[in-house]
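Before any comments, here is the structure.
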Amino acid sequence: RDIKISVKHNDPVVMVNAYRQLAAQCDYPLHLGVTEAGPAFQGTIKSAVAFGALLSEGIGDTIRVSLSAPPAEEVKVGIQIPESLNLRQRRLEIVSCP
């Protein structure tokens, strides 16, 4: 298919609900994104919560992490979220115990 649908929102709860409704009504590929997610820490949490909820339900075909941070940070977060859900092969996992 040549079409992907995206319904980005800056509130992860609104975004998740919108994608759930959309997924129930169509079979087009969905591009997930939390728009204007915010600074690195806040935006990472918003993106992880929203993407984690949807991807664990099988909703979403591509993701875009949008942070008020250097683009390299967006890429790191975008790789780490699917790795954390075992949807992408982990490159390296460091386990630290006290």
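The values are calculated or read from the model by the stated rules, or taken from the named source; none is laboratory data. The shown structure was predicted, so the numbers you read here are calculated from the model rather than taken from an experiment. Using ideal geometry, Cβ is built from the backbone for each residue, glycine included, and neighbour counts are taken over all protein chains shown.
Which residues, counting only those in the range 1-33, are more than 27 Å from SER68 (Cα to Cα) and in a loop (DSSP other than H, G, I, E, B)? Result: ARG1, ASP2, ILE3, CYS26, ASP27, TYR28. Yes or no: the range 52-60 includes at least one residue that is farther than 20 Å from GLU83 by Cα and at pLDDT 95 or above. No; the residues of the range 52-60 include none that is farther than 20 Å from GLU83 by Cα and at pLDDT 95 or above. Contact annotation: residue pairs with Cβ atoms under 7 Å, 6 or more positions apart or on different chains, pairing a residue in the range 10-21 that is within 15 Å of GLY58 (Cα to Cα) with a partner that is assigned to a helix (DSSP H, G or I), are VAL16/ALA50; VAL16/ALA53; VAL16/LEU54; TYR19/LEU54.
Within the range 29-37, the presence of at least one residue that is modelled with pLDDT of 90 or more and loosely packed, with under 15 Cβ neighbours inside 10 Å is confirmed.
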